[in-house]
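Below is one structure; the comments refer to it alone.
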Amino acid sequence: MTYNKANTSACLCLLSALLLALVPLDSDAKIVRTKSKNRLSREVTISNRIEHETGETVVPLLLEWSPNDKLALSLEASYASVSLDSGSKVSGMQDLDIGAVYEISRETRHRPSVALEFDVKLPTASNPELGTKKTDFSLGVVLTKGYVHHDLEASALYTFVGKPPGVKTENVFELGVSGEWHVSPRIDLVGEIVGSSGGSLGGNSRTGFGLGGVQSALTVASGTEVEMTLGIAERFGKHFKLEQGVTGKTDGTIIFLVGWEYDFGSGK
């Protein structure tokens, strides 16, 4: 299917701007890519999703564990099916992603919480076409401010990209703003805007539910890129949540996403 890149980008920009302008949003739903403050208040969470764009389908499984109210640890493994330029298709496990978020300053009435983020992508892909055979390291900071019905989160992340032989790569700097509006006790609307400079966006980023982008097989030099995500999440009880959404990139790519999350902790 062919999309009008200019119209798609304009519509997504407008919808995202309206969502973020209407409310000081919350970032609990894992439909977005930035780290949620609620990762620091749960015990164990498991989530799964399906991400599909033309020629590529990715199914990540994420496990999160918060041993205390300051530290959150995560592990993500993804299965991918990718169509190559040659016309053939490869399938298998992608590189393994391990992350940690540590809160260094608690939120107050007038200032956000501050947390440090660390991620490492290990070269464990089952097929050379699905990984880089090199380790990536990411360092970042996350700011989160909560309100009665809405929260807002902002993040900055710098990734030191491994250098596979014969492939031109660049380190990646990302800035993101994400939010959530609790429309009702069961329904949340979420939105996110992420911009990157350097390598391809999404090659190293991990999301809980992750409606913010499919993990690329390679993080190659690509200049500046912006992607926008809008979605909806519905809770069934305190522990189970279904989510769906759409991501649009400035290159005209449209990604459809659907997933679920189960919280073994106290829930929300």
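Rundown of residues vs (1) modelled with pLDDT of 75 or more; (2) among the hydrophobic types (A, V, I, L, M, F, W, C), yes/no style:
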{"residue": "MET1", "(1), (2)": "no, yes"}
{"residue": "ALA6", "(1), (2)": "no, yes"}
{"residue": "VAL32", "(1), (2)": "no, yes"}
{"residue": "THR54", "(1), (2)": "no, no"}
{"residue": "GLU76", "(1), (2)": "yes, no"}
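Residues in region 121-137 that are in contact with a Gly (Cβ under 8 Å, 6 or more places away or on another chain), surrounded by fewer than 23 Cβ atoms within 10 Å (Cβ to Cβ) and of a type outside the set (A, V, I, L, M, F, W, C): PRO123, THR124, SER126, ASN127, LYS133, LYS134, THR135.
This table checks each residue for (1) closer than 24 Å to GLY131 by Cα; (2) in contact with a Phe, Trp or Tyr (Cβ under 7 Å, 6 or more places away or on another chain); (3) at pLDDT below 50.
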| site | (1), (2), (3) |
| --- | --- |
| LEU14 | no, no, yes |
| LEU18 | no, no, yes |
| SER27 | no, no, yes |
| SER36 | no, no, yes |
| ARG42 | no, no, yes |
| ASP69 | no, no, no |
| TYR79 | yes, no, no |
| VAL82 | yes, no, no |
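Residues in region 115-139 that are part of a loop (DSSP other than H, G, I, E, B) and not β-branched (Val, Ile, Thr): 7 in all.
Counting only residues that are under 19 Å from ILE255 (Cα atoms) and loosely packed, with under 15 Cβ neighbours inside 10 Å, region 51-84 holds 5 of them. Taking the criterion of being β-branched (Val, Ile, Thr) and assigned to a strand (DSSP E or B), the residues of region 144-175 that qualify are THR144, THR159, VAL172. Selection of region 176-200 for residues being outside any strand (DSSP E or B), of a type outside the set (D, E, K, R) and more than 15 Å from the chain's Cα centre (by Cα) yields VAL183, SER184, PRO185.
The values are calculated or read from the model by the stated rules, or taken from the named source; none is laboratory data. The structure displayed is predicted, hence computed values, not measured ones. FYI the Cβ positions are ideal-geometry reconstructions off the backbone, even for glycines, and counts take in every protein chain you see.
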